[in-house]
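Worksheet: one structure, shown below.
The values are calculated or read from the model by the stated rules, or taken from the named source; none is laboratory data. Remember, it's a predicted structure, so these values are computed and weren't measured experimentally. Reconstructed Cβ throughout: ideal geometry from the backbone, glycine too, with neighbour counts over all protein chains shown. SASA here: full protein model, heavy atoms, side chains in, ligands and nucleic acids out. Shrake-Rupley method; radii C 1.70, N 1.55, O 1.52, S 1.80 Å.
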Amino acid sequence: MDLLRFATAGSVDDGKSTLIGRMLYDSKSIFADQLESIEKTSKDRGDDYTDLSLLTDGLRAEREQGITIDVAYRYFSTPKRKFVIADTPGHIQYTRNMVTGASTADAAVVLVDARKGLSEQSRRHAFLVSLLQVPHLILAINKMDLVDWSEEVYESIRTEFVNFAAKLDITDLSIIPVSALMGDNVVTRSENMPWYHGPTLLHHMETLHIASDRNLVDVRFPVQYVIRPHQSSNPDYRGYAGQMCGGALQVGDDVIVLPSGLPSKVSSIMDASGPAESAFSPMSVTICLEDDLDISRGDMICRLNNQPSVAQDIDAMVCWMSSTPLAPGQRLAVKHTTRNARALVKELQYELNVNTLHRNQEAVELKLNEIGRVRLRTTIPLLADEYRRNRQTGAFVLIDEATNSTVGAGMILSAS
């Protein structure tokens with residue numbers, strides 16, 4: 001059974017947490033004591049219905065304000081697929097949380113309140129989904145019960161969003177009218193909207209084709225750990241453990257190790273169940289090579305004629321996550337795949353206005369939650385691809401060395 005990761009996004013009070021709660025409730029994915037707890041909390045607060053958003057809004061401040069602040073992860077499965085849900089905040093000041101939740105997603109669900117239509121935050125989150133190269137975008141037009149299930153309202157919002165999405169890099173767009181509160185078109189088909197002939201939200205998620213989204217062309221295997229058991233039964237065993245970040249490898253394949261540039265062949269592959277003939281993204285495996293090479297954490301195994309850039313000058317889009325602004329001349333630690341480096345911020349090329357897509361080339365710093373194009377110089381080469389080509393080898397995080405806090409997330413545009 002395969003796994004689908006998806007993130008929810010949208011403006012405040014568009015119903016993201018309620019939608020997830022409804023999906024969990026209608027798919028029988030919550031326990032009886034959980035349901036009793038949220039029923040009691042809803043009653044104590046004076047609600048005249050069971051507030052399903054309480055299933056994901058776990059922080060006390062979230063429940064008191066009726067908003068999402070942190071990224072809440074929930075797990076459930078149906079007979080067809082397993083799901084990991086990232087419920088991300090709608091407030092503008094939590095843009096960094098939305099970037100965190102969507103960065104590993106296969107799909108994103110952007111909610112829109114049918115009464116209000118597209119908001120600034122709806123456009124902002126759709127752009128961020130495009131920037132993060134999330135392969136599938138679903139626009140859920142929520143609260144259809146509050147506009148009398150109007151087909152005209154649905155068509156108006158659909159047309160406006162399709163015109164906006166044409167300016168973005170979105171490869172797959174679906175639009176579904178729902179009522180998270182009533183359950184229409186979430187898990188079960190709505191009888192109130194006979195004019196809609198598409199799938200329900202859960203059915204669409206269950207049948208979404210994601211296998212072709214993975215990069216199975218470019219072999220990328222960042223070494224995470226070198227296994228040397230030092231046992232008499234295996235005196236010479238040397239395995240390299242890690243996760244396939246792209247491509248596929250088979251026993252007998254010719255490979256090259258970066259940054260040393262030394263060639264070898266794959267002698268064996270081990271996965272969680274034992275010896276395997278092949279490995280492909282996103283499997284976690286241990287690979288053994290025919291030659292005894294000096295390989296350590298942070299090195300990368302790839303194909304002879306298909307290699308990433310070995311680069312120290314990095315151009316990247318950075319989402320800044322710290323209250324201390326990012327400015328040229330700053331020194332930061334970089335975490336890229338399994339490789340650690342230090343970097344100097346050489347240049348801030350522009351700050352990107354997420355709402356208007358305007359590039360402010362006069363900007364001298366990036367403030368909290370702002371996004372901009374930055375040039376970095378690293379102390380050691382990174383083994384990197386463009387983010388558009390590979391989301392794993394094209395992404396990195398920036399860390400403040402003084403506090404060890406993550407202060408930025410980057411998407412590589414070019415490396416040389």
- Return a yes/no flag: does region 120-130 have any residue that is of a type outside the set (A, V, I, L, M), over 19 Å from the mean Cα position of the chain (by Cα) and under 26 Å from R373 (Cα atoms). yes
- Residues of region 310-338 satisfying the condition of being open to solvent by 50 Å² or more (accessible area, probe 1.4 Å), under 25 Å from S260 (Cβ atoms) and not hydrophobic (A, V, I, L, M, F, W, C): Q312, K335
- If you check V364, V354, V345, V374, which single one turns out to be buried (at least 19 other Cβ atoms within 10 Å of the Cβ), over 23 Å from the mean Cα position of the chain (by Cα) and farther than 23 Å from C245 by Cα? V345
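Give, as residue ranges, the strands (runs of 3 or more DSSP E) completely inside region 75-163 that count at least 2 residues that are open to solvent by less than 10 Å² (accessible area, probe 1.4 Å) and more than 22 Å from T356 (Cα to Cα). Show your work before the answer.
On the way: elements: 82-87, 107-113, 136-142.
Strands (runs of 3 or more DSSP E) meeting the threshold: 82-87, 136-142.
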- Would you pick out the residues in region 389-398 that are in a strand (DSSP E or B) and either over 21 Å from G242 (Cβ atoms) or among the hydroxyl-bearing types (S, T, Y) (or both)? L398
- Tell me, which residue of region 377-388 that is among the charged types (D, E, K, R) and not in a strand (DSSP E or B) is nearest to the chain's Cα centre (by Cα)? R388
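Determine if region 164-176 includes at least one residue that is among the aromatic types (F, W, Y) and farther than 13 Å from L137 by Cβ. So that I can check it myself, show each step before the final result.
Narrowing region 164-176 to residues among the aromatic types (F, W, Y): 164.
Those still in the list that are farther than 13 Å from L137 by Cβ too: none.
Among the residues of region 164-176, not one is among the aromatic types (F, W, Y) and farther than 13 Å from L137 by Cβ, which makes the answer no.
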- Query: Can you pull out the residues in region 203-225 that are outside any loop (DSSP other than H, G, I, E, B) and exposed (fewer than 14 other Cβ atoms within 10 Å of the Cβ)?
  - Reply: T207, A211, S212, Y225
- Query: Of all residues in region 138-153, which are of a type in the set (V, I, T), out of contact with any strand residue (DSSP E or B) (no Cβ under 7 Å at 6 or more places or on another chain) and more than 13 Å from Y196 (Cβ to Cβ)?
  - Reply: V147
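Output the residues belonging to region 264-282 that are within 22 Å of N390 (Cβ to Cβ) and either of a type in the set (D, E, K, R) or open to solvent by 40 Å² or more (accessible area, probe 1.4 Å) (or both). Let's see the steps before the verdict.
To start, the set of residues in region 264-282 that are within 22 Å of N390 (Cβ to Cβ) comprises 266, 269, 271, 278-282.
If the condition is that a residue be within 22 Å of N390 (Cβ to Cβ) and either of a type in the set (D, E, K, R) or open to solvent by 40 Å² or more (accessible area, probe 1.4 Å) (or both), then D271, S278, F280, P282 are the ones that fit.
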- Query: Name the residues in region 179-191 that are open to solvent by less than 60 Å² (accessible area, probe 1.4 Å), in contact with a helix residue (DSSP H, G or I) (Cβ under 6 Å, 6 or more places away or on another chain) and not polar (S, T, N, Q), would you?
  - Reply: A180, G183, V186, V187
- One residue from G329, G298 being at positive phi and in contact with a Ser or Thr (Cβ under 8 Å, 6 or more places away or on another chain): G298
- Note on the structure: For R388, the lone unmet condition from (1) within 23 Å of L168 (Cβ to Cβ); (2) in contact with a Pro (Cβ under 7 Å, 6 or more places away or on another chain) is (2)
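Which of the residues that make up region 169-188 are over 26 Å from the mean Cα position of the chain (by Cα) and either over 12 Å from D26 (Cα atoms) or not in a loop (DSSP other than H, G, I, E, B) (or both)?
First, the residues of region 169-188 that are over 26 Å from the mean Cα position of the chain (by Cα): 181-184, 188.
Once the filter is applied, which keeps residues that are over 26 Å from the mean Cα position of the chain (by Cα) and either over 12 Å from D26 (Cα atoms) or not in a loop (DSSP other than H, G, I, E, B) (or both), region 169-188 yields D184, T188.
When you look at I170, is it open to solvent by less than 20 Å² (accessible area, probe 1.4 Å) and among the β-branched types (V, I, T), yes or no?
Working: open to solvent by less than 20 Å² (accessible area, probe 1.4 Å): no; among the β-branched types (V, I, T): yes.
For I170, the condition - open to solvent by less than 20 Å² (accessible area, probe 1.4 Å) and among the β-branched types (V, I, T) - is not met.
Evaluate the following for L35: is it at pLDDT 80 or above, surrounded by 14 or more Cβ atoms within 10 Å (Cβ to Cβ) and either farther than 24 Å from T200 by Cα or hydrophobic (A, V, I, L, M, F, W, C) (or both)?
Working: at pLDDT 80 or above: no; surrounded by 14 or more Cβ atoms within 10 Å (Cβ to Cβ): yes; either farther than 24 Å from T200 by Cα or hydrophobic (A, V, I, L, M, F, W, C) (or both): yes.
For L35, the condition - at pLDDT 80 or above, surrounded by 14 or more Cβ atoms within 10 Å (Cβ to Cβ) and either farther than 24 Å from T200 by Cα or hydrophobic (A, V, I, L, M, F, W, C) (or both) - is not met.
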